[in-house]
Every structure is written in structure tokens, then in C-alpha cells.
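Heads up, the thing below is written out as C-alpha cells.
The values are calculated or read from the model by the stated rules, or taken from the named source; none is laboratory data. Here the structure is a predicted model, which means the values were calculated and not measured. Cβ: placed from backbone, ideal geometry, glycine included. Neighbour counts: every protein chain shown. Heavy atoms of the whole protein, side chains included, go into the accessibility calculation; ligands, DNA and RNA do not. Shrake-Rupley method; radii C 1.70, N 1.55, O 1.52, S 1.80 Å.
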Amino acid sequence: MPIYPALAIVAAVAVVALEVLVLRTGIFRDVAYWIALAICLAFMIPVDGWLTKLSAPIVLYRPSDTSELRPVWDILAEEYLYAFAMLTLVMVTWDRLGRRQAT
């Protein structure tokens, strides 16, 4: 498996495991989390799509390092996994630290 999708999968699984097994903030049951994720993706898709469009790319990836799966507007599938992992990690950390300070 190419390195970029492998690392994106590891990151997404690690963040889900961190939430479910360690932090237990319950964020995956929170509608606000899913709305925030949708808002972030709504901005990510046009920007990332413009940067990686195959017709005139600004950002280039070595094909041997990627899955080459581009489900929406020339954006690599692993970009969505990476974004999910990064955004979720920030939100669960923010939630956990906020609860610690509240007590």
C-alpha cells in the first residue's frame, strides 16, 4: 500500500481509538461535531479541489505514494481521512481540556 493512504488510515483509526478507548468525550454522538465536520469539509472541498485539480494542479503528489482514488473534484481519498483525523483530534482534545478546566 502506498505511504500516504496508509498513514491517513493509521491516523483516522488512531484518533477513533483515542476517543473511544481513552478520552471518551462522546463526540461521535454529538450532532454539533458532525455539523462542524460538515462545515469544515464544505470549505475544504473547494480549496483542496482547486489546489489539486488535475487540469492545472498547484499541489502535486508522487503517484506511487498515493491511492490515486479521487472521489470528489480531483481530491485524493486519503485527504478526507487525514482531514477527519486532524479535525477530530483537535475537537476531542479541545473538549477534554475544556471539561478538565470546568471541574
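Tabulated data
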read-out: Residue that is nearest to residue 93 (Cα to Cα) [pool: residues in the stretch 24-35 that are open to solvent by 30 Å² or more (accessible area, probe 1.4 Å) and of a type in the set (A, V, I, L, M)]; value: 32
read-out: Residue count, the stretch 28-46 (criterion: touching a Leu at 6+ places or on another chain (Cβ under 7 Å) and not in a helix (DSSP H, G or I)); value: 0
read-out: Residue list for the stretch 1-23, filter: under 14 Å from residue 87 (Cα atoms) and open to solvent by 80 Å² or more (accessible area, probe 1.4 Å); value: 13
read-out: Close pairs (6 angstrom Cβ cut-off, 6 or more residues apart or separate chains): touching a residue at least 12 places away in the same chain (Cβ under 8 Å) in the stretch 23-40, basic (Lys, Arg) and open to solvent by 50 Å² or more (accessible area, probe 1.4 Å) anywhere; value: 23/96; 25/96
read-out: Test result for residue 15, touching a residue at least 40 places away in the same chain (Cβ under 8 Å) and either touching a Lys or Arg at 6+ places or on another chain (Cβ under 7 Å) or not in a loop (DSSP other than H, G, I, E, B) (or both); value: yes
read-out: Leading residue by the ranking (farthest from residue 30 (Cα to Cα)) among those in the stretch 47-85 that are part of a helix (DSSP H, G or I) and either of a type in the set (Gly, Ala, Ser) or open to solvent by 90 Å² or more (accessible area, probe 1.4 Å) (or both); value: 64
